[in-house]
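Here is the structure we will look at, set down as structure tokens.
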Amino acid sequence: MNLRSALIRLGASLGAILLALALSSIVLLIIDRSPLEAFAAMGSYASRVDSMISIINRAVPLYVSAVAVAVGFQMKLFNIGVEGQYRIAALVAAWVGGAVALPGILHVSLIILVAALVGAAWSSIAGILKAFRGVHEVISTIMLNFIGTGLGAWLLANHFREETEGGSLIIATARIPESGRLPSLNPVLEGLGVEVPSGSDLHSFVLFAILLGVGYYVLIWRTRLGYDLRAFGANPGAAEASGVNLKRMTLITMAISGAFAGLVVMGPVLGSFHRYTTDIPIELGFTGIAVALVGRNRPVQMALAALLFAFLNRSAQILDFRGIPKEIETIIGGVIILTVVIANELARRVIQAQEVRDAAAKTARDDEEGPA
Amino acid sequence: MSDVSTTEDTAPPAGNDGPPAVRLTGITKRFPGVVANDQITFTVQPGEIHALVGENGAGKSTLMKILYGMQRPDEGTIEVKGKEVTFRSPKDAIAKGVGMVHQHFMLAAQLTVLENVILGEDPSRGGAIDFRRAKEKIQQLAKTQGVPLDVNRPVETLSVGEKQRVEIIKVLYRGADLLILDEPTGVLVPQEVEELFETLRELTAQGVTIIFISHKLDEVLQIADTVTVIRRGRTVTSVPAAELTARQLAELMVGSELPTPETRPATDLGEAALSVDDLRLRDPDAGRDLLHDITFDIRGGEVLGIAGVEGNGQAELVEVLLGLRKMSGGRVLLGGEDVTDDSTRERREGGMGYIPEDRHSRGLLLPAPLWENAMLGHQGSRPFARGALVDRDGARQRTAEIIESYDVRTPGADVAAYALSGGNQQKLIVGRELTADPRVLIAAHPTRGVDVGAQAAIWEEIRRARGEGLAVLLLSADLDELIGLSDRLMVILRGRLVAELDPQELTPEELGSYMTGAHEEVSS
Amino acid sequence: MRVPRWISLLAALSAASLILAACGGAEEAPDEPDDTGTEAPDDDADDTDDDADDTDDDAAADDGDPVRVGLVYDIGGRGDQSFNDAAAAGLDRAEEDFNIEATELEPAEGGENRGELLRLISGEGVDLVFGVGFAFEEAMESTAPDFPGVNYGFIDGFLPDLGPDSNVVALGFAEHEGSFLVGAAAALKSETGRVGFIGGVEIPLIERFEAGFVAGAREINPDIEIDINYISQPPDFSGFTDPASGREIALGMYGNGADVVYHAAGGSGLGLFEAAKEHSESSGSKVWAIGVDSDQYLTADEELQEFILTSMLKRVDVAVYETIAAQVEGDFEGGYRTFDLSTDGVGYSTSGGFVDDIVDQLEELKAAVIAGEIEVPDSN
């Protein structure tokens, strides 16, 4: 029964990805490029060790971002503001991290905590507006993205900026001291016999991201709070009648979503940049929405989706070398979102229809056997 | 009731020859588990105001949806102006001159009257909207209604009565000469009701035919030429309004025979489980009281039934008692403790069980598995929760018990709620509320939309729980249910409890007159 | 095929690459074992046999063997009609004059993969790699030491402690000096006593343009009014690729009475030129725009040319060309090179002849700057 549903879903996802590849192939053929060559180039480039490390490092922020979005989605709250939340959170956290010196674990914990709190505080503005003024969170979070970007730029330029040495033109916060950095996982890889090329660093934040995924699962599916949250998402009226307080739930969910959002770029910040610079990746908040969508808000599926997007992103880099426009990556990504979402919906309907049939059959059987 | 002639062959109002405006013959519509319309037959003459009365749930809305093309009948025929028609959509209905004014207005607030009227029906000239021609036509229509209306005003600035008029014009603009008005006075203040009636009389004078759906008997008698009564999906009768008194009409609606009370007299009643004292609820928008002077006690082992035509404050009463709406005055005591300012959760955890009247909007998480549905409303207590965590094993086990004890037909506890039939969904809800051992059960239409088998089972469970000392507040439109289960009956009318009756000695006449307000007329 | 070492890699990734590998295997069977069988990251199926080993010595290139040059643009890439195009122009000229083989790359929109691209291209067997833009700082710092056999040209860049033996040459420009001259030109041409400056992104580099421009305008007219506006704030770098905003801001400045506006906003400058035309036509009185980096009179649409007074030349093309030339001739030298007025590394353009009447004055100022009589500030 559940196995059947799982198989239907798996089949739908694989079918969707194959369909997306087929559609992308058509696009490639239209521009007179060989799809086989393109995909082979991407595949072989992606299977290099440094590519794999890069894919994981890229997938981590996407995953955290998707989790942040998914928390909101569970109660039908659309947090479009992950983008602004993580930027401002990372900035403040990096600044705090660069300003203090603490023993290792404490230092890192402090930075992560600050990031989560700032993200939560920033998203809570939208939560408060929604709960008490009825402002739709899509509007308020989009606005807060703009405000956050502006505020971040102002804070960075005027308050958090570290005067850099000599002729450097990079705008950045002070470097986080050694104690506040997360170690690379390269020694572990090397211990496993993997030869890590120079310049490649597997950030240990990936472990933290896995913990976040587990935390997300437990929060949503194993706690009463998560139950209330999902109940609200499934049927606000019934949730309300069961005693769920809508305002309170909106505030809490928005804050939790923002707290996750605050951690989006902690991997790069603690693992490689060690400060907040203008090079911190952007647009992760929006890609996170796509990842959550493709991963249906489920912890493991979102991880797969994040890896898929990271794979596309990394492997597309090789295309310029082969004379293939790397924009094909954007097309594949977009088509995958569409096909997977459609396939998920189809799978849902098939499963639903089957469940209804099963239940009806059961009822009919009971009726024939007489009432229990 | 026999003093009213049953008149298939009632003479049409004077001055009308030719085919009837509408003739419905043998209309039957079944939904899973229920027959909404059962062989409904009646005739509407051209130029008359024909009232269709019956309690909510009697099948009026379904019937009108069929006539307006929103649903198709399983059996029966519709004739419009003497010709048999088949409506596949409201568009077909409008093409034959049948238009509907809905209870809830379907207007775009920011657009003007003019734009709203022509919306979806633009008079175009060379691809551009011909506003001038449309304006003339609308002004003409407004004038014939005898009420001035500025077509350039945005709809959001109009009063409720004016909005309704826009709806009527919208329908007339599309060429309808048969108007269906669904509970048109429900949203109006008395002054506006008068104006509406003026308009309706103007329209019939111009040959428009009107079907007027209502359960307000005084209004029906005031405006209608002919009254058709529907009860439990069947046509009871069609009578010229002039031949009816309010009392007779009330009796027709309620029926001639009341079911016999089946509840065994309560042996020893406990303390007051639920006390409501002078409860008041004010609608801040309309500036009137939706509920006033509501006072009652229910003791353990007692079922208090609230009878009344729907829309008289029952839904509001339930919401206030559950804490979903903040009351404007009064007190509510649950087991002797004042819960007036408590949240819904505090009330539910304090032992307030709830069977909602609409299980889909208030009672279930349809995409969630049964075991998650079984904990809804009880998610904070054992066996569903342990500390801050959900106890999945406990919840599944409890769900299995509910499935077993309440005969919920399902392949298992992990099936999504949408997979179950209405009756089984309802049995699950009843099971989860009763298994949680509440102090008070608020049961709103607990057997609405379920099949007969499930209905009997649910009644039996409620009786059993009462026998074990549960206090029940039962709100229902089903007299079998009300009289069959209640120890005491109270009647709610326009937000007020107007009578307390003993189900053992109740007459249909008495109940009907209290429910419809006919009693007031008689006594005054 | 080799067994993947990362069996733990999750299903989507493996599934996708397996599908891809399978697709590739069908058609390119002969290549496949080589491709996936190579270990080192700097190896690739594409490498031809002869250049596999010659990356270790920059002087090794002889006439028969092309020097391989890689160039990683800044955001916007080739075709931005500004900074990146200036670099591209140098590369194009070098391609004509020398036996070189060039690969060009462009980072993603946010620019966060500059480092990966630089590393990627460095591992592809190239001799000389350019990072175009100061933002390559961290990328350069971490990549260059890993590829001692590759030389790097770092446009606008700065790394500490470079010496002649380093494999990195930081190619800096005295933008403030060039901007000083066009600032003077603006003040000389202004009839309203009001000029404007549009910066792409408010970063120190662009503030250098602003400082020079302001100093130049004040040098001519100490009372001149100068409107200053930046399109975006870091970390938002869209200000370099946003002509619509450039146009809006420029229209505002012209409407406010400014009649000469200078931009240091990369691709957004196109909006300035359009605004100059639009305002001139609608108001009837001609206003001027000043271009930046390359001679934008030459690349602009014909109908826009007459509004481009001059352009501040930042000879990125010269820097690229000269660095390639040095590489080809085997005398690449690490360290710092600054392109300023004295070496014509910065300057102003005269295309269109609109500044012919003030060239004498500009040349005087130029000489004064070179001689050190005027010291142009490089920040506010």
Residue satisfying condition, being at the interface with another protein chain (Cβ under 9 Å from one of its Cβ atoms), free of Cβ contacts under 8 Å to residues at least 12 places away in the same chain and not small (Gly, Ala, Ser), within set A:LEU308, A:LEU304 = A:LEU304
query = Residues in region B:193-203: is at least one farther than 22 Å from B:LEU158 by Cα, buried (at least 21 other Cβ atoms within 10 Å of the Cβ) and not small (Gly, Ala, Ser)?
reply = no
ask   = Looking only at region B:368-382, which residues are over 22 Å from B:LEU420 (Cβ atoms) and more than 7 Å from chain A (Cβ to nearest Cβ)?
value = B:SER381, B:ARG382
key: helices (runs of 4 or more DSSP H) lying entirely in region B:462-524 (those with 3 or more residues that are closer than 28 Å to B:GLU433 by Cβ and out of contact with any helix residue (DSSP H, G or I) (no Cβ under 8 Å at 6 or more places or on another chain))   = none
message = Given the criterion modelled with pLDDT under 85, away from chain B (no Cβ under 11 Å) and out of contact with any His (no Cβ under 8 Å at 6 or more places or on another chain), identify the matching residue among A:ARG322, A:ARG349.
response = A:ARG322
query = Do we have A:GLU190 as at pLDDT below 95, open to solvent by 20 Å² or more (accessible area, probe 1.4 Å) and either within 20 Å of the chain's Cα centre (by Cα) or within 14 Å of chain B (Cβ to nearest Cβ) (or both) here?
reply = no
inquiry  = Testing A:ASN344 on (1) closer than 30 Å to B:ALA419 by Cα; (2) within 12 Å of chain C (Cβ to nearest Cβ); (3) open to solvent by 10 Å² or more (accessible area, probe 1.4 Å); (4) in contact (Cβ under 8 Å) with a residue 60 or more places away in the chain, one condition comes back false. Which one is that?
reply    = (2)
query = Inside region A:229-246, can you point out the residues that are facing another protein chain (nearest Cβ under 7 Å) and open to solvent by less than 30 Å² (accessible area, probe 1.4 Å)?
reply = A:ALA231, A:ASN235, A:GLY237, A:ALA238, A:ALA241, A:SER242, A:GLY243
key: Subset of region A:206-222 that is open to solvent by 10 Å² or more (accessible area, probe 1.4 Å) and closer than 16 Å to A:ASN297 by Cβ - its residue that is nearest to the other protein chains (Cβ to nearest Cβ)   = A:ARG222
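Conditions tested, residue by residue: (1) open to solvent by 10 Å² or more (accessible area, probe 1.4 Å); (2) in contact with a helix residue (DSSP H, G or I) (Cβ under 7 Å, 6 or more places away or on another chain); (3) outside any helix (DSSP H, G or I); (4) closer than 29 Å to C:PHE134 by Cα.
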| position | (1), (2), (3), (4) |
| --- | --- |
| C:SER342 | yes, yes, no, yes |
| C:GLY353 | yes, no, yes, no |
| C:ASP357 | yes, no, no, no |
| C:ASP360 | yes, no, no, no |
| C:GLU363 | yes, no, no, no |
| C:LYS366 | yes, yes, no, yes |
| C:VAL376 | yes, yes, yes, yes |
query = Given A:LEU225, A:LEU211, which one is in a helix (DSSP H, G or I) and touching a residue at least 12 places away in the same chain (Cβ under 8 Å)?
reply = A:LEU225
ask   = When you go through (1) open to solvent by 10 Å² or more (accessible area, probe 1.4 Å); (2) out of contact with any Ser or Thr (no Cβ under 8 Å at 6 or more places or on another chain); (3) closer than 26 Å to A:TYR217 by Cα one by one for A:ALA99, which number turns out not to apply?
value = (3)
query = Within region B:302-358, how many residues are within 12 Å of chain A (Cβ to nearest Cβ), not in a loop (DSSP other than H, G, I, E, B) and not small (Gly, Ala, Ser)?
reply = 13
query = Among (1) touching a residue at least 40 places away in the same chain (Cβ under 8 Å); (2) surrounded by fewer than 24 Cβ atoms within 10 Å (Cβ to Cβ), which single condition is B:ALA388 missing?
reply = (1)
ask   = Which of the helices (runs of 4 or more DSSP H) contained wholly in region A:1-118 include at least 2 residues that are more than 9 Å from chain C (Cβ to nearest Cβ) and farther than 30 Å from A:GLU162 by Cα?
value = A:2-30, A:49-74
remark   = B:GLU79 meets each of (1) more than 21 Å from B:ASP225 (Cα to Cα); (2) open to solvent by 40 Å² or more (accessible area, probe 1.4 Å) with one exception, condition (1)
query = Among the residues of region C:111-162, which ones are closer than 26 Å to A:ALA172 by Cα, open to solvent by less than 20 Å² (accessible area, probe 1.4 Å) and part of a loop (DSSP other than H, G, I, E, B)?
reply = C:GLY111, C:ASN113, C:GLY133, C:ASP156, C:GLY157, C:LEU159
task = Please specify each residue of region C:296-312 satisfying the condition of being in a strand (DSSP E or B) and closer than 16 Å to C:ASP356 by Cβ.
result = C:ILE308, C:LEU309, C:THR310, C:SER311
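Residue by residue, here is whether (1) small (Gly, Ala, Ser); (2) surrounded by fewer than 22 Cβ atoms within 10 Å (Cβ to Cβ) holds:
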site: A:SER13; (1), (2): yes, no
site: A:PRO35; (1), (2): no, yes
site: A:ALA38; (1), (2): yes, no
site: A:VAL49; (1), (2): no, yes
site: A:MET52; (1), (2): no, no
site: A:ALA59; (1), (2): yes, no
site: A:ALA70; (1), (2): yes, no
key: Unique residue being β-branched (Val, Ile, Thr), away from chain A (no Cβ under 14 Å) and open to solvent by less than 20 Å² (accessible area, probe 1.4 Å) when the list is C:ILE206, C:ILE224, C:ILE220   = C:ILE224
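A quick yes/no check of all residues on (1) in contact with a Ser or Thr (Cβ under 6 Å, 6 or more places away or on another chain); (2) open to solvent by less than 30 Å² (accessible area, probe 1.4 Å); (3) at the interface with chain C (Cβ under 8 Å from one of its Cβ atoms); (4) not β-branched (Val, Ile, Thr):
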| residue | (1), (2), (3), (4) |
| --- | --- |
| A:ALA131 | yes, yes, no, yes |
| A:HIS136 | no, no, no, yes |
| A:GLY148 | no, yes, no, yes |
| A:LEU151 | no, no, no, yes |
| A:ARG181 | no, no, no, yes |
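Here's the yes/no breakdown for (1) among the aromatic types (Phe, Trp, Tyr); (2) more than 12 Å from the chain's Cα centre (by Cα); (3) in a helix (DSSP H, G or I); (4) more than 25 Å from A:LEU10 (Cβ to Cβ):
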| residue | (1), (2), (3), (4) |
| --- | --- |
| A:SER272 | no, yes, yes, yes |
| A:PRO281 | no, yes, no, yes |
| A:THR287 | no, no, yes, no |
| A:VAL300 | no, no, yes, no |
| A:GLU329 | no, yes, yes, no |
| A:ALA360 | no, yes, yes, yes |
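Residue-by-condition table, conditions (1) more than 28 Å from A:ALA353 (Cβ to Cβ); (2) modelled with pLDDT under 85; (3) crowded, with 21+ Cβ neighbours inside 10 Å:
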| residue | (1), (2), (3) |
| --- | --- |
| B:ILE403 | no, no, yes |
| B:TYR406 | no, no, yes |
| B:GLY412 | no, no, no |
| B:ALA419 | no, no, yes |
| B:GLY423 | no, yes, yes |
| B:LEU428 | no, no, yes |
| B:ARG432 | no, no, yes |
| B:GLY453 | no, yes, no |
| B:ALA456 | yes, yes, no |
task = Kindly state which strands (runs of 3 or more DSSP E) lie completely within region B:1-94 and contain at least 2 residues that are at pLDDT below 75.
result = B:34-44
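The values are calculated or read from the model by the stated rules, or taken from the named source; none is laboratory data. Source: prediction; values computed, not measured. Using ideal geometry, Cβ is built from the backbone for each residue, glycine included, and neighbour counts are taken over all protein chains shown. Ligands, DNA and RNA are excluded from the accessible area calculation, which covers all protein heavy atoms including side chains. Shrake-Rupley method; radii C 1.70, N 1.55, O 1.52, S 1.80 Å.
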